[in-house]
Amino acid sequence: MKPTPTTNYQLPTTANPKVAIVHDWLVGGGAEKVVLELHHLYPDAPIYTSYCTPEWRKKLDYKVVTGPLQAWPFSRLRKYIPFLRIWWFTSLNLDNYDLVISSSGAEAKGIKVRRQEIGDRRSKTAPKSQLPAPKPLHINYCHAPTHYYWSRYDSYLESPGFGAFDWLARFGLKLLVAPLRKWDYRAAQRPDYIMANSTHTQAQIKNYYDRDSTVIFPPIDTSRFEAPSSQLPTPKLRSSFVITGRHVPYKRVDIAVQACTDLGLDLVVIGDGPEHQKLKAMAGPSVKFLGYTTDQQLEDAIRSSKAFLFPGVDDFGLVAVEAMAAGTPVIAYRAGGALDYVIPGITGEFFDEQTAESLAVVLKKFDAHDYASGDIKRSAEKFSIDNFNKSVTKFIKSI
């Protein structure tokens, strides 16, 4: 389906359009990987963001431009002060660019670009060939409608992450969510086109923002877990199940821990977070916690596991596709981004209720011998970095 813009606009057909990239914040995660590949596509483009770690500034070849929040003394609070990000992003002057790409699951999509129609600037005597093309074009890569206003509002109320000041965060969110939702909706109308990272996100964009979008899957470094077929573990050598990620409520790591504890199945839990101690307290002797690991330890654990467990609802779920790139099947709750890559009987299985009991039913029947690592790895290639770059380039050319 041809993308539907909010304005009748065509990118100037210049050999080297002037491009800018805008992103919410650069601290590490799946969204940052999208920015990295956009940087590879447009290496001369500056990257505007509210704040950035030294590591990501270096990764992006020091093309990063930050605002006042970079020097904010209370670094932990920066993410929780949307008004300052709204002020900074909407104050950016990006009118001299031909193309602006916002990568956003929060405020960066709300940038304002001033576009004059050709008729407004046309001199009665100037030849049409001498008129500048209208600019800039704004394309948004949407990771999700802003979680704390929409789909995960209740989760943020339940666990704001401020410790002793949770009560204050809850009060503030309840008080301000109505005007912030109105702003967020208006901000989502500003991009000319929207790219969504999954069919799940595409549906949420339509639901919350009433906008059409085009699905372009995020870039997965499938080569990270590559190994010759001769070196892939056989089902006989895959010794346990594995789950990774930050231990926060919406990831539902508790479902995996409870199900494997009840069945006495070996489970390796990688990561840490606010729920870490709670998870350890409920776990039986068959569940092993590794905390944060090195990249090599993570890769070895995923590559040698029977299956990767994915009980949460994620907008996409990069780590699950990374597990597939290692030839490991994925057992996921039937929702969210997993619907785009879990193929029952081929790349993994679904369970239908977000409970330990529902997961346990699948685990009891699961047999690693039923899945071919080579087929799983080939399915993961659909989400490779190369395919992302080709899809973004094709999309921009198509409009």
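The values are calculated or read from the model by the stated rules, or taken from the named source; none is laboratory data. Since this is a predicted model, take the numbers as computed values, not measurements. Every residue, glycine as well, gets a Cβ built from its backbone with ideal geometry; the counts of neighbours run over all protein chains shown.
Does the range 212-221 include one or more residues that are modelled with pLDDT of 95 or more, out of contact with any helix residue (DSSP H, G or I) (no Cβ under 6 Å at 6 or more places or on another chain), aliphatic (A, V, I, L, M) and more than 13 Å from GLY105 (Cβ to Cβ)? There is no residue in the range 212-221 that is modelled with pLDDT of 95 or more, out of contact with any helix residue (DSSP H, G or I) (no Cβ under 6 Å at 6 or more places or on another chain), aliphatic (A, V, I, L, M) and more than 13 Å from GLY105 (Cβ to Cβ).
With respect to ARG252, is the statement that it is buried (at least 16 other Cβ atoms within 10 Å of the Cβ), at pLDDT 95 or above and in contact with a Pro (Cβ under 7 Å, 6 or more places away or on another chain) true? So ARG252 passes the test. Do we find a residue being outside the structural domain of ALA144 (by TED's automatic domain parsing), at positive phi and within 20 Å of the chain's Cα centre (by Cα) anywhere in the range 336-347? Yes, the range 336-347 contains a residue that is outside the structural domain of ALA144 (by TED's automatic domain parsing), at positive phi and within 20 Å of the chain's Cα centre (by Cα).
Hey, does the range 286-297 have a residue that's surrounded by 15 or more Cβ atoms within 10 Å (Cβ to Cβ), at pLDDT 95 or above and of a type in the set (A, V, I, L, M, F, W, C)? Scanning the range 286-297, I find at least one residue that is surrounded by 15 or more Cβ atoms within 10 Å (Cβ to Cβ), at pLDDT 95 or above and of a type in the set (A, V, I, L, M, F, W, C), so the answer is yes.
Listed by first and then second residue, the pairs linking a residue in the range 259-285 that is not assigned by TED's automatic domain parsing to the domain that holds ASP367 to a residue that is part of a helix (DSSP H, G or I), with Cβ atoms under 8 Å apart and 6 or more places separating them unless they lie on different chains, form an empty list. For beta carbons closer than 7 Å, sequence separation of 6+ or different chains, a first residue in the range 339-350 that is within 16 Å of SER198 (Cβ to Cβ) and part of a helix (DSSP H, G or I) and a second that is hydrophobic (A, V, I, L, M, F, W, C) and at pLDDT below 95, there are no qualifying pairs. Residue pairs whose Cβ atoms lie under 7 Å apart, sitting 6 or more positions apart in sequence or on different chains, and linking a residue in the range 9-25 that is farther than 16 Å from VAL113 by Cα and outside the structural domain of THR49 (by TED's automatic domain parsing) to a partner that is small (Gly, Ala, Ser) and at pLDDT below 50, do not occur here.
Evaluating GLY327 against the criteria (1) crowded, with 17+ Cβ neighbours inside 10 Å; (2) of a type in the set (Gly, Ala, Ser); (3) not in a loop (DSSP other than H, G, I, E, B) leaves one unmet condition, (3).
Would it be correct to say that ALA307 is in a strand (DSSP E or B), in contact with a Pro (Cβ under 7 Å, 6 or more places away or on another chain) and either crowded, with 16+ Cβ neighbours inside 10 Å or of a type in the set (Lys, Arg) (or both)?
Details: in a strand (DSSP E or B): yes; in contact with a Pro (Cβ under 7 Å, 6 or more places away or on another chain): yes; either crowded, with 16+ Cβ neighbours inside 10 Å or of a type in the set (Lys, Arg) (or both): yes.
Yes: the conditions hold for ALA307.
For the range 361-399, a residue qualifies if it is within 19 Å of SER213 (Cβ to Cβ) and among the β-branched types (Val, Ile, Thr), and the qualifying residues are VAL392, THR393, ILE396, ILE399. The set of residues from the range 359-399 being of a type in the set (Ser, Thr, Tyr), closer than 30 Å to SER103 by Cα and assigned to a helix (DSSP H, G or I) comprises SER379, SER391, THR393, SER398.
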